[in-house]
């Protein structure tokens, strides 16, 4: 399986869908899901051209389509920035319960480690982790299994200075959040966006579903008690095998 470049889904040159529209759809999903937040800078035509292996004309058309759908604004000598704001109001919850749930999920599932490498951070990861472009981060790609069937594909990023204890052995036996806590990180908050997506050929292979199958997509950034981002995760789940349950109570109770 070909390795992704910073989790850019490769364009399919055999599809009837034009290349610029394939790029547009991926960037649109990242914006709507919150991976690229309001006000964040979009890649330049040159950066898109390099990431997707297409011409600058193709990259320019993709950015123009984003602008035409009012997701981004393009200004000369300023660049392209996200102007989309989600209409949904955030729901607040207990970080302690959320972390406990995530660690339990990690301990009750089996993990297959696909990739482990230190890379220079690029957009949109630099925005999520509040790091300068090029800062070393640990990138970890995994598939989690339950009852001999794949459940989720996760790509996680951690600042390199917090990832000294993260290696193939520790990541196969211990959830990343537990390793962060063992490294002295005190987790204080997290933001999470849940959206829907469709499985491309690579994801369909990893999760053993048909191409185009619905996927539950979760973007999560974890921060310490000083509000420093310490982990960013893109998790993609099979919805037939995973559900998110919320217990809601009246504020008047």
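Got the relative contact order for the stretch 131-217 handy, in percent, Cα pairs under 8 Å and 6 or more residues apart? Please report the intermediate quantities before stating the final value.
Numbers: 88 pairs, mean separation 19.7, N = 87.
Taking the mean separation of contacting Cα pairs over the length of the stretch 131-217, I get 23 percent.
To the nearest 0.05, what FRET efficiency results for residue 118 and residue 68 with a Förster distance of 41 Å applied to their C-beta separation? The partial results should precede the final answer.
On the way: r = 38 Å, r/R0 = 0.93.
FRET efficiency, residue 118 to residue 68: 0.60.
Please compute the contact order of the stretch 19-82 in relative form: average sequence separation of alpha-carbon pairs under 8 Å and at least six residues apart, divided by the residue count, as a percent.
On the way: 64 pairs, mean separation 27.0, N = 64.
RCO, the stretch 19-82: 42 percent.
Given the rule -39500 (n - 2.57) for each run of at least 4 DSSP H residues, summed and divided by the residues of the chain, what is its mean residue ellipticity at 222 nm, to the nearest 500 deg cm²/dmol?
Details: 8 runs with 75 residues, N = 253.
After summing the helix terms and dividing by the residues of the chain, the value is -8500 deg cm²/dmol.
Across 5 Å bins from 0, what is the distribution of all Cα-Cα pair distances for the stretch 95-237, in whole percents?
Answer for the stretch 95-237: a P(r) of 2, 9, 19, 23, 22, 16, 7, 2, 0 percent.
Ratio of the stretch 11-151's C-alpha Rg to 2.2 N^0.38 Å, to two decimals? Before the final figure, lay out each step's value.
Details: Rg = 18.2 Å, N = 141, 2.2 N^0.38 = 14.4 Å.
So the Cα radius of gyration is 1.26 times the expected 2.2 N^0.38 Å.
Taking the Cα-to-Cβ direction at residue 16 and at residue 205 and moving 7 Å from each Cα, how far apart do the two end points lie in nm?
Those two pseudo-labels are separated by 2.5 nm.
GNM, the chain, Cα, under 10 Å: largest mean-square fluctuation among 182, 231, 110?
Top of the fluctuation ranking is 182.
Taking the simple approach of a point 7 Å from Cα along Cα-to-Cβ for both residue 55 and residue 170, what is their distance in nm?
The modelled label-to-label distance comes out at 4.9 nm.
Can you compute the modelled spin-label distance between residue 83 and residue 130, with each label point 7 Å from Cα toward Cβ, in nm?
With each label point 7 Å from Cα toward Cβ, the separation is 2.7 nm.
Could you tell me what fraction of 2.2 N^0.38 Å the Cα radius of gyration of the stretch 19-82 comes to, as a two-decimal ratio?
Compared with the compact-globule rule of thumb, the stretch 19-82 sits at 0.99.
Kirkwood Rh, the stretch 143-211, all Cα pairs: how many Å?
On the way: mean 1/r = 0.0690 Å⁻¹.
So the Kirkwood estimate lands at 14.5 Å.
To test your reading of the geometry: what angle, between 0 and 90 degrees and rounded to tens, separates the Cα axis of helix 56-68 from the longest principal axis of the chain?
Relative to the chain, helix 56-68 is tipped by roughly 70 degrees.
Return one number: the angle in degrees, 0 to 90 and rounded to the nearest 10, between the long axis of the Cα atoms of helix 95-108 and the longest principal axis of the Cα atoms of the chain.
That works out to roughly 90 degrees.
For residue 227 and residue 108, FRET efficiency with R0 = 41 Å and r from the beta-carbon atoms, rounded to 0.05? List each step's numbers first, then the result.
Numbers: r = 30 Å, r/R0 = 0.73.
My answer for the efficiency is 0.85.
As a test of the definition: which semi-axes, in Å, follow for the chain when you take the square root of five times each eigenvalue of its alpha carbon gyration tensor? Largest first, please.
Details: eigenvalues 169, 92, 79 Å².
In descending order, the three semi-axes are 29, 21, 20 Å.
Here, each number is a calculation from the coordinates, and none is a lab measurement. The model shown is predicted, which means the values in this text are computed figures rather than measured ones. Virtual Cβ from ideal backbone geometry, glycine too; neighbours counted across all protein chains shown.
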